[in-house]
Amino acid sequence: MSVRTRIAPSPTGEFHVGGLRTLLFNYAWAKKNNGQFLIRIEDTDRNRFVDGATNRILEVIKEYGLDWDEGPVKGGDCGPYIQSERLNIYREYIQRLLESKNAYYCFCTPERLDKLREQYSSENKTFKYDRHCLSLNDFEINNRIDSGVKYVIRLLVPEDELVTYEDVVLGEISVPSKEIDDQVLMKSDGYPTYHFAVVVDDYLMKITHVLRGVEWLPSTPKHILLYKFFGFPLPKFGHLPNLKNLGSSKKMSKRDGSVFAIDFLKEGYLPEAMLNFLMFLGWNPGTEKEIYSLDEFIQDFDLSKIHQTDLVSFNKEKLDWFNNQYLWKLTNEEFLERLKYWSHRFNTPCLIQDLSEIYSHLQLLKIISLIKERITVFSDFDKSVDYFINSPQVDSLVLGKYSNDPKKVLEFFYELISSQSDFSFEKLDPLLHNTVKENGFSMKEYFMTLRIALTGETVTPPIIDIICVLGKDITLIRIKSALQNF
RNA sequence: GACCCUAUCGUCUAAAGGUCAGGACACCGGAUUUUCAUUCCGAUAAUCGGGGUUCGAUUCCCCGUAGGGUCACCA
């Protein structure tokens with residue numbers, strides 16, 4: 001039987017990075033086994049439904065370079081893949097449960113349940129439905145239904161049974177059935193609850209492995225019971241650690257900063273770097289290899305290497321490191337293309353446009369080679385290229401930061417540079433260095449002062465590289481303008 | 001509170017009874033004839049506590065402690 005995994009997001013907002021991590025693991029496991037990865041939209045909560053959310057979720061997934069074999073838009077043999085379009089299926093299956101007496105009608109009002117809950121909590125007990133409606137006979141039930149009383153359908157949990165299963169991550173998990181509540185399966189609005197729909201759909205969609213966050217661990221026994229009542233074969237369950245922020249002991253939440261998958265793309269992280277970072281959130285190959293392409297991850301991914309823990313930290317410094325690794329690996333040409341795509345795709349104004357108007361393609365690539373290893377994300381680009389566009393405003397105070405006689409330094413460079421016709425790095429670099437050295441001048445004094453005059457900054461790429469990009473005319477103009485301070 | 005899960009350097013983790021407890025990120029020090037960044041060396045740093053089992057426990061068991069998750073007609 002072929003391995004089939006899925007991810008089942010709810011269209012209640014933007015796609016969370018944690019969801020992306022879970023997706024990645026499910027995706028890799030299916031691909032590793034030449035199986036299928038599906039997406040199913042779980043939109044049974046009409047109150048939290050957000051219009052357009054489904055499309056945005058699918059779009060981010062594609063933006064990260066991931067795809068699905070069956071699901072919304074694509075279709076497939078087990079559709080529809082949107083739960084609100086499967087209502088008749090759930091009705092059919094709930095009927096089976098009712099007939100086999102594994103489920104029952106409940107007419108209790110929310111008010112009564114709230115009161116019950118209060119009572120339990122005041123006695124420091126875990127809430128469990130008291131089966132108030134279980135004793136109703138068919139006549140009473142039909143009577144209420146006919147007269148329009150709102151009802152739900154509940155799971156009839158066995159009295160005393162040990163529900164046990166083998167979690168592929170955590171190992172054997174067992175819970176006594178007396179701890180399990182008679183879960184609502186069908187809501188009074190005719191929509192199924194998650195617990196019911198997930199079992200029916202995973203069965204009908206032939207899902208073989210369910211990898212999901214640990215928050216689902218406590219409800220897994222309910223699902224197991226449903227599989228058993230239906231006589232469905234059990235898929236393998238595996239529960240993944242949740243994501244937390246560094247130093248926190250709670251699940252990642254909006255107040256900690258970016259949590260949506262899209263946010264990191266907007267900031268200018270490379271999708272492949274994000275994916276690589278996410279792979280290690282709850283998994284480790286057991287070797288020292290850290291840089292993983294998607295294909296390599298699929299090769300090495302293994303369920304037995306998933307971490308048995310509750311929380312793993314989303315360490316942004318490590319993410320930055322990953323992004324740097326990938327940024328440096330890009331050729332200058334690729335970097336340029338990616339930067340332009342990023343600016344265009346996320347509608348972010350970027351100085352690369354202005355630079356393109358001033359400089360030739362070759363000069364652009366040179367600038368990129370200078371900037372590439374000095375920035376972490378694309379959104380850092382602008383702040384490191386300003387002086388390639390605008391002439392700096394400098395005064396005698398900053399010019400004198402490294403020199404007692406900046407005028408002399410600048411005049412020296414003006415002379416030297418104006419006499420030079422070959423502006424290649426190979427010629428210019430030895431010329432400037434050697435001349436400074438031959439005269440016994442301080443390298444630091446001379447080059448730092450030149451750097452300030454040309455860029456207005458004390459921290460830049462090597463100044464001679466910058467001169468080569470700027471060209472003779474602009475270089476001389478900027479030195480001259482700096483000299484006007486004296 | 002009940003139930004379930006978890007516990008190794010500051011952080012993320014490796015070591016499926018025998019290792020000088022390994023790696024990476026961060027931090028610190030040094031080198032790379034101008035700053036920054038890269039790169040390269042180097043240093044510091046960990047098995048939650050207490051009992052067992054064993055010739056031997058990070059690893060297996062028990063008890064504490066700490067953390068997390070769940071206890072909805074939300075997923």
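Before moving on, here are some points about what is shown:
- Looking at A:TRP321, A:TRP283, just one residue is surrounded by 20 or more Cβ atoms within 10 Å (Cβ to Cβ), over 18 Å from A:HIS16 (Cα atoms) and of a type outside the set (D, E, K, R), and that residue is A:TRP283.
- Picking from residues in region A:248-267 that are within 16 Å of RNA strand B (Cβ to nearest atom) and under 30 Å from A:LEU330 (Cα atoms), the one that is surrounded by the fewest Cβ atoms within 10 Å (Cβ to Cβ) is A:GLY257.
- A Cβ distance below 7 Å, combined with a sequence gap of six or more or placement on separate chains, defines the contacts here; from region A:119-140, residues that are not assigned by TED's automatic domain parsing to the domain that holds A:LEU155 and polar (S, T, N, Q) reach no residue that is loosely packed, with under 10 Cβ neighbours inside 10 Å and modelled with pLDDT of 90 or more.
- Some residue of region A:387-409 being at pLDDT below 95, part of a helix (DSSP H, G or I), among the hydroxyl-bearing types (Ser, Thr, Tyr) and within 30 Å of A:VAL259 (Cα to Cα): no
- Region A:146-194 holds strands (runs of 3 or more DSSP E) entirely within its bounds, and those carrying 2 or more residues that are within 7 Å of RNA strand B (Cβ to nearest atom) and closer than 15 Å to A:TYR227 by Cβ map to A:171-176.
- Scanning region A:331-386 for residues that are in a helix (DSSP H, G or I), more than 24 Å from A:ILE464 (Cβ to Cβ) and not small (Gly, Ala, Ser) returns A:GLU334, A:GLU337, A:ARG338, A:LEU339, A:LYS340, A:TYR341, A:TRP342, A:HIS344, A:ARG345, A:GLN353, A:GLU357, A:PHE378.
- Scanning region A:58-78 for residues that are touching a helix residue (DSSP H, G or I) at 6+ places or on another chain (Cβ under 8 Å) and either of a type in the set (A, V, I, L, M, F, W, C) or over 30 Å from A:TRP342 (Cβ atoms) (or both) gives A:VAL60, A:ILE61, A:LEU66, A:TRP68, A:VAL73, A:CYS78.
- Selection from region A:135-165 of residues that are exposed (fewer than 13 other Cβ atoms within 10 Å of the Cβ) and either closer than 17 Å to A:PRO218 by Cα or of a type in the set (A, V, I, L, M, F, W, C) (or both): A:PHE139, A:LEU162, A:THR164
- Some residue of region A:385-405 being free of Cβ contacts under 8 Å to residues at least 60 places away in the same chain, in contact with a Leu (Cβ under 6 Å, 6 or more places away or on another chain) and surrounded by 14 or more Cβ atoms within 10 Å (Cβ to Cβ): yes
- Some residue of region A:394-412 being among the aliphatic types (A, V, I, L, M), closer than 24 Å to A:LEU364 by Cβ and out of contact with any Phe, Trp or Tyr (no Cβ under 7 Å at 6 or more places or on another chain): no
The values are calculated or read from the model by the stated rules, or taken from the named source; none is laboratory data. Because the structure is predicted, anything quoted here is derived from the model rather than measured. Cβ: placed from backbone, ideal geometry, glycine included. Neighbour counts: every protein chain shown.
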